[in-house]
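Worksheet: the structure to be examined is printed underneath.
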Amino acid sequence: MSNKQITVTDIMDKKKTKIPITMLTAYDYPTALLVDKAGIDIILVGDSLAMVVLGYQDTVSISIEEMLHHIKAVTRVAKNSFVIGDMPFGSYNISVKDAVANAVRFMKEGRVSGVKLEGGQEMALTIEAIVKAGIPVQGHIGLTPQTIAALGGFKVQGKSAEAAKKLIQDAKALENAGCFSIVLEAIPAEISKKITESISIPTIGIGAGADCDGQVLVLHDMIGLFDRFTPKFVKRYASISKTISDAIKEYKKDVENKKFPQAQHSFSISDEELKKL
Ligand code: KIV
């Protein structure tokens, strides 16, 4: 594969040519390397890392510094994928000025290709300002985990006609504000289809049906490396927890039974030097 980094234009063109956009999370060097080498279009350094890597109960507590620490590990290695840094709760909701300053930090210190933030019409002015600063913005509507307390829990969104209408208006507002794509999370498939058909920028679904312009999953969910819960919309492609756990148990047994290390894992000194001791 060539080392040409995917651009906003490449991503937006995929909607026109109807080529599905692929997006996965990665939070560190080894996972970013694998995702990048597999040719995935977009790597999201999602704030889901708060839960699946750092062990927080939700995504609310993670800080800009913690996000940047992981973003830097990913951008050091990603050569092809477009890398998006997820702006954490509180980094864009206090004032437009703060939001632009924090997005700029993600670009300058994190070297991301763009940022993502959650919210609909109420975020339009903030998004406009970040886009004006020259930073590509991906929107995120539907189930927005950072405001889970206000949504009343991890629930499918847009199930009434009124709620669905609001989601369609939110998507239009994000398009008008200058977003280059929008994540649709946990939305009925019929509503995602309507949104996808009503805007000119790509939609990327997670639990939003097959008619979005692309799909995203949390890597740790799809490879079976997060133990707390697996949402209905996740397809499990591997059981990595079991593979790691089996390897650890085997290592423990080998050490306790003196089967590891063996000669090939050890270093030696010549007999001549040994005799001089
Ligand atoms: O943080 C994250 O991983 C996300 C995805 C669920 C889209 O926002």
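Restricting the search to region 136-165, which residues are in a helix (DSSP H, G or I) and closer than 17 Å to ASN93 by Cα? Write out each step before concluding.
First pass over region 136-165, keeping only residues in a helix (DSSP H, G or I): 145-151, 161-165.
PRO145, GLN146, THR147, ILE148, ALA149, ALA150, LEU151, listed by residue number.
From the list TYR56, TYR29, which one is among the aromatic types (Phe, Trp, Tyr) and away from the ligand (no atom under 15 Å from the Cβ)?
On the way: TYR56 fails: away from the ligand (no atom under 15 Å from the Cβ).
Answer to the check: TYR29.
Within region 151-196, track down each residue that is among the charged types (D, E, K, R) and either out of contact with any Asp or Glu (no Cβ under 8 Å at 6 or more places or on another chain) or modelled with pLDDT under 95 (or both). Walk me through how you get there before you give the answer.
Step one: list which residues in region 151-196 are among the charged types (D, E, K, R), which gives 155, 159, 162, 165-166, 170, 172, 175, 185, 190, 193-194.
Result: LYS155, LYS159, GLU162, LYS165, LYS166, ASP170, LYS172, GLU175, GLU185, GLU190, LYS194.
Please go through region 65-78 and pick out each residue that is under 15 Å from the mean Cα position of the chain (by Cα) and of a type outside the set (S, T, N, Q). Talk me through it step by step, then tell me what you get.
Of all residues in region 65-78, those under 15 Å from the mean Cα position of the chain (by Cα) come to 66-75, 78.
Those that are under 15 Å from the mean Cα position of the chain (by Cα) and of a type outside the set (S, T, N, Q): GLU66, MET67, LEU68, HIS69, HIS70, ILE71, LYS72, ALA73, VAL74, ALA78.
Here is a check on your reading of the model: is ALA50 surrounded by 15 or more Cβ atoms within 10 Å (Cβ to Cβ) and either under 14 Å from the mean Cα position of the chain (by Cα) or among the basic types (Lys, Arg) (or both)?
Details: surrounded by 15 or more Cβ atoms within 10 Å (Cβ to Cβ): yes; either under 14 Å from the mean Cα position of the chain (by Cα) or among the basic types (Lys, Arg) (or both): yes.
Judged against the criteria, ALA50 is a match.
Which count do you get for residues in region 217-256 that are out of contact with any Asp or Glu (no Cβ under 9 Å at 6 or more places or on another chain) and touching a residue at least 60 places away in the same chain (Cβ under 8 Å)?
Total satisfying the criteria: 9.
Could you look through region 103-118, keep only residues that are open to solvent by less than 10 Å² (accessible area, probe 1.4 Å) and of a type in the set (Gly, Ala, Ser), and pick out the one that is nearest to the ligand (Cβ to nearest atom)?
The qualifying residue nearest to the ligand (Cβ to nearest atom) is GLY114.
Hand me the list of helices (runs of 4 or more DSSP H) wholly inside region 166-267 holding 1 or more residues that are in contact with a Gly (Cβ under 8 Å, 6 or more places away or on another chain).
Numbers: elements: 189-198, 219-222, 240-256.
Filter on region 166-267 gives 189-198, 240-256.
Quick grid of which residues meet (1) over 19 Å from the mean Cα position of the chain (by Cα); (2) within 16 Å of the ligand (Cβ to nearest atom); (3) in contact (Cβ under 8 Å) with a residue 24 or more places away in the chain:
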position: GLY139; (1), (2), (3): no, yes, yes
position: LEU143; (1), (2), (3): no, yes, yes
position: LYS166; (1), (2), (3): yes, no, yes
position: ALA171; (1), (2), (3): yes, yes, yes
position: PRO188; (1), (2), (3): yes, no, yes
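Could you please find all residues in region 233-270 being of a type in the set (A, V, I, L, M) and either surrounded by 11 or more Cβ atoms within 10 Å (Cβ to Cβ) or more than 30 Å from LEU24 (Cβ to Cβ) (or both)?
Applying the first criterion (of a type in the set (A, V, I, L, M)) to region 233-270 yields 234, 238, 240, 244, 247-248, 255, 263, 269.
Of everything in region 233-270, those that are of a type in the set (A, V, I, L, M) and either surrounded by 11 or more Cβ atoms within 10 Å (Cβ to Cβ) or more than 30 Å from LEU24 (Cβ to Cβ) (or both) turn out to be VAL234, ALA238, ILE240, ILE244, VAL255, ALA263, ILE269.
Scanning region 119-134 for residues that are of a type in the set (A, V, I, L, M, F, W, C) and open to solvent by 10 Å² or more (accessible area, probe 1.4 Å), which turns out nearest to the ligand (Cβ to nearest atom)? I'd like the intermediate steps shown before the answer.
So in region 119-134, the residues of a type in the set (A, V, I, L, M, F, W, C) come out as 123-125, 127, 129-131, 133.
Narrowing further to those that are open to solvent by 10 Å² or more (accessible area, probe 1.4 Å): 123-125, 129, 131, 133.
Values: MET123: 14, ALA124: 19, LEU125: 22, ALA129: 21, VAL131: 19, ALA133: 22 Å.
Ranking the qualifying residues of region 119-134, first place goes to MET123.
Of the conditions (1) at pLDDT 95 or above; (2) of a type in the set (A, V, I, L, M, F, W, C); (3) surrounded by fewer than 13 Cβ atoms within 10 Å (Cβ to Cβ); (4) under 27 Å from GLY55 (Cβ atoms), VAL216 clears all except one; give me its number.
Failing condition for VAL216: (3).
Can you pull out every residue in region 61-87 that is open to solvent by 50 Å² or more (accessible area, probe 1.4 Å) and within 15 Å of the ligand (Cβ to nearest atom)? If you could, list the steps in order and put the result at the bottom.
In the first step, residues of region 61-87 are kept if they are open to solvent by 50 Å² or more (accessible area, probe 1.4 Å); the result is 61, 65-66, 69, 72, 76, 79.
SER61, GLU66, listed by residue number.
Can you pull out the residues in region 32-44 that are within 13 Å of the ligand (Cβ to nearest atom) and either under 19 Å from PRO231 (Cα atoms) or acidic (Asp, Glu) (or both)?
Hit for region 32-44 is LEU44, nothing else.
I'd like the full set of residues that are open to solvent by less than 50 Å² (accessible area, probe 1.4 Å) and small (Gly, Ala, Ser), limited to region 91-102.
As a first pass, look at region 91-102 and keep what is open to solvent by less than 50 Å² (accessible area, probe 1.4 Å): 91-92, 95, 99-100, 102.
Correct list: SER91, SER95, ALA99.
The values are calculated or read from the model by the stated rules, or taken from the named source; none is laboratory data. In this text, all values refer to a predicted model and were calculated from it rather than measured experimentally. Cβ sites come from the backbone with ideal geometry, for glycine too, and all protein chains shown count toward neighbours. For the accessible areas, the whole protein counts, side chains as well, though only heavy atoms, and no ligand, DNA or RNA atoms are used. Shrake-Rupley method; radii C 1.70, N 1.55, O 1.52, S 1.80 Å.
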